[in-house]
Every structure is written in C-alpha cells, then in structure tokens.
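Nothing in this text is a laboratory measurement; each read-out follows from the coordinates by a stated rule. Model, not experiment: these values are computed from the prediction. Reconstructed Cβ throughout: ideal geometry from the backbone, glycine too, with neighbour counts over all protein chains shown.
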Amino acid sequence: MTQCSRKTLLMASEVRSGSTFIAESIAYELNKNCGYEFWGLTHEKFSHLSGDSDPAEILSTLSGLYLDKCGFASSKVMCKALSIIHREANKSSEVREAFWGDNTYWIVVRRKDRIKQAISLAVARKSQTYHFYDNPDKAPDRDMTVSDKEISDALQAICLSDVFLETFAQSLPENRSISIFYEDYMKDEVGHLNKIHALCGFEPIEADKYVNLAKLLPTGKQAKQQANVQFRNWFLENYY
C-alpha cells in the first residue's frame, strides 16, 4: 500500500461525552460486519502531546497508528491534543495536510445535555472511575455523591470544551466529517453508523442485523440522577 492511499479516521471529543461508547460501537460493528480493525478509535493515541510538541512528534504519532487492510488508521483525539495539533498546523503545511487534507476523515462527538455531562465528569474526578467493564454494582462510583460546587466546576470545563469542539467542527471539510450528538446516536445507532460507513466509503448495514457489542457499562446511574435533580435546582438559584 502506498503512502498516498493511507487514510485516517479520527474521532474528536472530550471526557464524559459518550465518545468511548460510540467508538466501541463503531469498532465492534466494523469488525463484525466488515472484518476491519478500528480499535484505535477507542484509544487516545495523541494524549501525550504537550506544549513542547512539534510537527515531527505529531506526524510521527500519526504515522505510527495501526493501518488496517481497508486502508484506514484510526484514533480518538481529545481537546487538549486537538489544540496542539491546530497550533502546529498553522506552522506546518505538512501537519495541516495530514489532519485537514483529502485523506483524513473526522467524527466529532458531543453531548447535548451539558449538565449530565458535567455531573458525570464530577463523579469521575472524585471516584477516579472513567470507564468500567465489570458488574456496575461493584463500580467505585456506585453511590458517589458530589457537591453543587464540584458539578459547577465540571460544568465550566465541559462548556469550554464543547464550544471548542463546535469551533473545531466548523474548521473541517464538510465532505470528510460528521458531527454526532450522543443523545441522537442512542436513538438511531444504525442511522449514524451508516453515515460513518458512507463517510468512509463502506457498504451500509441492515438495521435488522445490527447488535451493539460495546463492552462499556454505565455506572452510578441512580446517584447521578439524584445529582441531576439537585444541581438543576441549585443552579437556577445560584447564577451570579
């Protein structure tokens, strides 16, 4: 396979947006129905980037992504790394071409309900449990409580990252990117998966044959629901 035929599918997102669940759903579906390996979407391969990172480091990371037989490499990219990549793309035409050029495709994942996202982040920060694959009743965050202040702090971070992702999505070529909200994805998984298939040039899947094989499990649902009611009431009285 020549270098020019190499393509990249990248998922842009931020914590607690549902992106890991969506990434797993995509990867398992493409593996089951097409035999493709897109497990990179579930891993943040660019998370090591820092303020000192340069074009060489970024391009080296990109070229080191696993390349599947279908011609695609893949990874998830979070806001901090995206900002560094964007900074270096303004300095390096090679980085710009690598991430905004004809051979790179983007899925931008966001969440509509920012308060629920903020509660999830506050709980994850406090419990240090971001992903859980065992019995939910054994999860460290099962009965975790968080204060209104902890949720408010998380909400500020969530809102900033969401505006960043919205701005980032607007910088992408329309024919090589799609934006997905977690809530919409959960209502129509097959419809969104077929949009991804179309984006990558793959054959569509049939709804009656689709089964979600993602392994990530939701945890602390009852505590988060209680926090949701509590914080919304507090928030409406404490905006100043």
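A few comments on the model shown:
- Tilt relative to the chain, helix 114-127 - C-alpha long axis, 0 to 90 degrees, to 10: 80
- Within the chain: Cβ-based charge dipole about Cα centre, in debye rounded to nearest 20 (Lys, Arg +1; Asp, Glu -1): 260
- Proximal aspartates and glutamates relative to residue 215, as straight alpha-carbon distance under 13 Å, when same-chain residues fewer than 8 apart are discounted: 24, 29, 134
- Near residue 11, the amide H atoms lying under 5 Å from its own belong to 75, 76, 77, 107; only residues 5 or more places off or on other chains count, and H is placed 1.01 Å from N.
- DSSP assigns beta bridges within the chain; of those with both partners inside it, close to 5 percent run antiparallel.
- Longest segment of the chain lacking trypsin sites (Lys or Arg not before Pro) that sit in a DSSP loop with at most 15 other Cβ atoms within 10 Å: 113-214
- Restraint check, 91/126; 80/116; 76/187; 187/209; 69/112, Cα-Cα greater than 27 Å: 91/126; 69/112
- Sparsely packed chymotrypsin sites (Phe, Trp or Tyr not before Pro) within the stretch 91-152, loop by DSSP, other Cβ within 10 Å at most 15: 130, 133
- Helix 148-170 and the long axis of the chain differ in direction by around 20°, with both axes built from C-alpha atoms.
- Other residues whose C-beta falls under 14 angstrom from the C-beta of residue 174 contribute a net charge of +1, scoring Lys and Arg +1 and Asp and Glu -1.
- Electrostatic tally near residue 195: other residues with Cβ closer than 12 Å to its Cβ, Lys and Arg +1, Asp and Glu -1, net -3.
- Ranking 152, 230, 15 by how far each Cα lies toward the positive end of the dipole of the chain (charges on Cβ) leaves 230 at the top.
- For the stretch 148-228, the list of GluC sites (Glu not before Pro) that fall in a loop by DSSP and count at most 14 other C-beta atoms within 10 angstrom reads 206.
- For the chain, the longest principal axis of the C-alpha atoms and the axis of helix 79-89 are separated by about 30°.
- Across all directions, the average projected area of the convex hull around the alpha carbons of the chain is 14.2 nm².
- Entry note, the chain: relative contact order of 26 percent, from Cα contacts under 8 Å with a spacing of 6+ residues.
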